[in-house]
Each structure stands twice: as structure tokens, then as C-alpha cells.
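Each remark here refers to the structure printed beneath this line.
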Amino acid sequence: MTDNINISKASNLSKYLDLPQHGAVLAEYIWIDAHFNIRSKCKTLDKKPTSIEDLPEWNFDGSSTDQAPGHDSDIYLRPAAIYPDPFRRGDNIIVLAECWNNDGTPNKFNHRHECAKLMSAHEKEVIWFGIEQEYTMFDESDNPVGWPKGGFPAPQGPYYCGVGTGKVFARDVVEAHYRACLYSGINISGINAEVMPSQWEYQVGPCEGISMADELWMSRYLLHRVAEEFGIKISFHPKPLQGDWNGAGCHTNVSTKSMREPGGMKHIEAAIEKLAARHKEHIAVYGEDNDMRLTGRHETGSIGSFSSGVANRGCSIRIPRSVAKEGYGYFEDRRPASNIDPYLVTGIMTETICGSIPDADMVEETKRGEEEGF
Ligand code: ADP
Ligand code: MN
Ligand code: MN
Ligand code: MN
């Protein structure tokens, strides 16, 4: 990685980081702004909190983040989850917070509140999610990392799960992020280099209920912070480069307790029928610019129609081959884009899957493919 201003600062900083804190705990409060960017500010606590209830509510200027008008700009940060801080270490923590308005209503961009209500309403179903977060790395001049300046690398083929110089890029960032997630208690389940050069994926899950979206947001925060130290920008755009390059998604794997038990396939099929009936409503919260990605090419289904199939990567919904064979397990919704708010996506999935059965006339025809993908 090239030297940059952040790296040289970090090495000068190291001796200060060793200074004793005299019992103070640094709590970095993070929240989601109006554009799905993460913001953060830090607060000194005089002792280590043992639970969320020990943490003070805080506030920020919402007019600077497009979350509130200037004349009524205070937004309140209500702590929702605590994670160990892999950057400051020791007793220091990162606090994921919900945004609330002055009048006691959830902020317009606080989608966690509604999601948490849906999760607790359907708690009995013990819903699990696993999200595959894809992302693309750019250098400080906005070139995809490793791409020739002003040109293109060789076509896709050698990069997916690639090994060796010229086939993978910025592995250091990926490795550092993996360790940071583990340190913070994120249930990160794997990583792989993607089909497009400089694009990577990591998986978080299975996680139950609200913890899925909490942990995914936290993992994104950690990724931005790690990449900052390497002078790399992380893009979650679903089609960061036009042309014959794969887009980036957030495949969302899901199961309820009954789907995970022998005979679960009939519950998986019932869930897919319900999803078919609400394709448009789901697409509406499955990410901005997702139309650029869901073209029916590059291992996607097309945005205008719903389809499902076993082992078919050109469908909206894929049932993994192993699940079809065993007759129970989980399924994958391949439609969500990399830039989703996972609170919206896991929320609507829970609402649809755990809700009542839709009117049979409303169910769009579902195509069933049997093609083997990779
Ligand atoms: P793919 O073959 O689509 O690339 P991955 O291995 O990248 O699949 O991701 C599979 C995801 O499925 C992981 O995030 C994992 O946590 C999740 N998963 C596995 N079992 C379940 C389950 N029973 N319910 C929900 N998610 C699951
Ligand atoms: Mn994957
Ligand atoms: Mn992938
Ligand atoms: Mn997948």
C-alpha cells in the first residue's frame, strides 16, 4: 500500500496511544445519516458500562447531516448496541445508536426502530439472516484499486476467489477488516474476492432478528475505518463500473425455525410464494440504482420480474442445492443491492415471510429454473 497522510500520522501517534487513560473509557457513538453514510463522534465515560442502560443518551447537529432543519436541529442518539473498539482497544467501545427527534418520534432515517418492532412481533419464528456484503475499493483518485490508470484490466475470469499478483487487490485491507470484525464480536462468517477485480465480499451471519442489521452496519463502519488507514475508499454502489463488470449486491439468506427443521421445504416454498406477491414492495427498499445491477445478466435476475430456482444464480430467489437435497434449511434473496439499509431489508422480509398468506390471485407466476450456476 502506498504511504499516505493517515499512515504517517498513525506511526507518530503510537506513543500517545500507550498513555494510561486513568479509568476513562472512550465511547465512539456511530449512527446512520440521511444518505446511508455512517457518522460518529466520541464521548469520554468515567467507567466501563456493563449494559446499554449504563450509557448516556447524546445528541448531534442534525442540520449538518441532512437529518433535521436548522431551526430545530438537535437529534438525539439513543444507544442500541455496544461493541469492543478494535482501533482503541482496552475498555474502549463503539456504540451503535438510533436517531430520535426532539419531539420524541424516531428520526425519518431511523429505520432500526420499525425493524426492531417487526422482529419482536415475530420473535417466535426465530428468524435468522446471513448477509453477503459485496463492495468495491477505489484509490484516493477514484480509480478502482489495481486497475491501470485510464484503462481496463483483462476481462473477468481470473479474479473471483483469485490468488496472486494481478488477480487480487488490497488483500491487506480485507485481512485487517476480518480481524477487526472478529475482535468486535461481529459474526463474520467468511470472505472472498469477487468476480470484478477490486471487488470483495464478506458474509455476516447467521444472526437472529435485529442483530443482523446491527452487525452489518457495524461491519461497514469497521471497513470504512480500516480502509481509511490504507488511503482506500469503500464503495457500496451496486454498479460502480459500467460495462461488462459484475455489480455488487447484498444477497440476503434467511430461515425461520420451521424452515430449519426436517420437512422445512414446504415452509420455504410458502415463503417464496409470499415474496412473489410483494416483488415491487421489496424492490422499493432493495437499494438505490439497483436497476443498473438487476439486468438479468452478470448472475442476477431482472428487476421487473420475480423468479426462483434451485442453484440458479439468475433468479430473484435461490434455494441452495444442498438445502433442496436435504429438504430443509434456508434460501437466498439475491435481489438486495450492496447499498441497502439492512434494517429495511430484514424488516420487510420478516413482515412478508412471517405475515399472513397473500391472496392467490396476487401471486405472480414464479419461474422455476434448474440451471446450475457457480
Ligand atoms: P453463496 O454461495 O451465495 O456465495 P455464501 O457462503 O457467501 O453463499 O453465504 C451464505 C450465507 O448464508 C452466510 O452469510 C451464512 O451465514 C448464511 N446462512 C447459512 N445458513 C443459514 C440459515 N440457516 N439461515 C440464514 N442464513 C444462513
Ligand atoms: Mn457469497
Ligand atoms: Mn458474491
Ligand atoms: Mn450469494
Which of Ile131, Ile234, Ile38 fluctuates most in a GNM of the chain (C-alpha springs under 10 Å)? That residue is Ile38
Kindly work out what percent of the DSSP beta bridges joining two residues of segment 120-370 are antiparallel, to the nearest 5.
80 percent
GNM top mover of Asn290, Asn12, Asn253 - the chain, alpha-carbon springs below 10 Å:
Asn12
Once you list every other residue whose beta carbon is under 11 Å from the beta carbon of Gly162, what net charge do they have if Lys and Arg are +1 and Asp and Glu are -1?
+1
Given only helices, namely DSSP H runs of n ≥ 4 each adding -39500 (n - 2.57), what is the per-residue ellipticity at 222 nm of the chain, to the nearest 500 deg cm²/dmol?
-7500 deg cm²/dmol
In this model, which of Lys257/Lys280; Lys124/Lys274; Lys41/Lys233; Lys41/Lys108 are farther than 23 Å apart at the alpha-carbon?
Lys257/Lys280
Relative to the Cα centre, what is the charge dipole magnitude of the chain, using +1 at the beta carbon of each Lys and Arg, -1 at the beta carbon of each Asp and Glu, and rounding to the nearest 20 debye?
720 debye
Which residue, Trp200, Trp31, Trp100, has the most motion in a Gaussian network model of the chain that connects Cα atoms within less than 10 Å?
Trp100
At 7 Å along the Cα-to-beta-carbon direction for both Ser305 and Tyr183, put a label point, then send me their distance in nm to one decimal.
4.9 nm
Which of rounded, prolate, oblate describes the chain, given a ≥ b ≥ c as roots of the alpha-carbon gyration tensor eigenvalues and a/c under 1.5 marking rounded, otherwise prolate only if a/b is larger than b/c?
oblate
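No value in this document is a laboratory result; all are computed from the given coordinates. Fair warning: this is a prediction, and the values are worked out from it, not measured in the lab. Every residue, glycine among them, receives a Cβ derived from its backbone with ideal geometry; neighbour counts consider all protein chains shown.
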